[in-house]
Amino acid sequence: MLFCKKVKPKKMIIGENIKQAALIIREGGLVAFPTETVYGLGANALNPMAVAKIFEAKQRPSFDPLIVHIHHFDEIYALFSSPISHWVQKLAEAFWPGPLTIVHKKSTSVPHIVTSGLETVAVRMPSHPTAIALLKASECAIAAPSANRFGQISPTEASHVTKQLQDIDYVLLGEKVTLGIESTVVSVADEGCFILRPGVITAEDLEKVVPLCSHNPNETIGSLSSPGLLHSHYAPTKPMYLLDNTMDILPPHSGIIVHTNKKNWNTAQALFITSQNGDKKEIASNLFAAFHTMEDNKAIQQIFIEPVEENGIGIAIMDRIKKAVFKYK
Ligand code: AMP
Ligand code: MG
């Protein structure tokens, strides 16, 4: 006779105790914490066993590298290999702390599990007070992807994290997530920088500081430029479609996400207005909350979402929307 041993779920603590959360990080545990972009799922970046737990908890494939978070510029000297491109300092002066992730050749102390075997590592200094306090108290760099199950919607609130993930030691409550979409990711070398993932910091912002390359300066033959940038991502578990602007009547049981209050959608089962007047910063900050609200609404079978104009932050917003609707095109 076969006995199936039931694995007891871990006890997850939800609270505001930075010292306790930092101790968990130091001891090799997992802490979800707010940043200005989205909630992250963190572990000591230099402890491969701890980092492995992130991949397990998120069911993230091992080919998708993590972003390492720091609170002081000098930490880059332990993470990036010398010579460090002078553009790193320029970018840090202009955009750190903030929503910019810099990918640069890595040092030998960064474990391969963090970078999925790539010779580069992604580093960011967040500006969120709770994230900074945790980083300071932990006294180590923290590897942290978004705290969602792989491929699903990024979390902007603690409840979004606990809905999707169980194997976390501590969910740190703190100040609000303000920006709402993930950081801009750039690959940097002496030639300049190349945008791997659009975010709130736009190409126009970057161009004022560093030359933009037409290709990834760190790409080696045979390597993918950024393995995590899949076509389908950030997706609710219900079908999501782009709204065609000739559409006035929605099929039954539809939810709709729009970015102004101009039109009356009385055939919708549920309506989420991300911004009253199409303000792109406001749309970005509410986008994933809109996805979660529609996903949680049991009366909804499919979701329609209005596109935004692809300029400025609109490029990052459309990047997330296109990835969410990709499977249903
Ligand atoms: P996430 O932390 O889930 O928002 O995703 C981080 C993303 O940053 C990954 O999916 C990659 O696309 C990108 N990234 C992280 N590290 C590297 C790297 N070394 N080279 C290129 N892209 C990276
Ligand atoms: Mg993510």
Residue selected from the range 149-174 under the condition modelled with pLDDT under 95 and more than 16 Å from ligand 2 (Cβ to nearest atom), by the criterion surrounded by the most Cβ atoms within 10 Å (Cβ to Cβ): Asp167
Matching residues in the range 276-305 - criterion: being among the charged types (D, E, K, R), under 20 Å from His233 (Cα atoms) and crowded, with 19+ Cβ neighbours inside 10 Å: Glu295
Those residues of the range 51-78 which are in contact (Cβ under 8 Å) with a residue 60 or more places away in the chain and either away from ligand 2 (no atom under 16 Å from the Cβ) or of a type in the set (Val, Ile, Thr) (or both), in sequence order: Val51, Ala52, Lys53, Ile54, Ile67, Val68, Ile70, His71, Glu75, Ala78
Scope the range 113-148; condition within 11 Å of ligand 1 (Cβ to nearest atom) and surrounded by fewer than 18 Cβ atoms within 10 Å (Cβ to Cβ); matching residues: Ser116, Gly117, Glu119
Only listed residue being under 26 Å from Ala57 (Cβ atoms), more than 16 Å from ligand 2 (Cβ to nearest atom) and hydroxyl-bearing (Ser, Thr, Tyr), chosen from Ser85, Ser81, Ser127, Ser116: Ser127
Tally, over the range 168-190, of residues that are more than 16 Å from ligand 1 (Cβ to nearest atom) and in a loop (DSSP other than H, G, I, E, B): 7
Listing of helices (runs of 4 or more DSSP H) fully contained in the range 85-161 that carry 1 or more residues being in contact (Cβ under 8 Å) with a residue 24 or more places away in the chain and among the hydroxyl-bearing types (Ser, Thr, Tyr): 112-115, 129-138
Per-region count, the range 107-135, residues in contact with a helix residue (DSSP H, G or I) (Cβ under 8 Å, 6 or more places away or on another chain), closer than 14 Å to Pro97 by Cα and not polar (S, T, N, Q): 4
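The values are calculated or read from the model by the stated rules, or taken from the named source; none is laboratory data. Quick caveat: nothing in here was measured; it's all calculated off a predicted structure. Note that we place each Cβ from the backbone using ideal geometry, even for glycine, and neighbour counts take in every protein chain shown.
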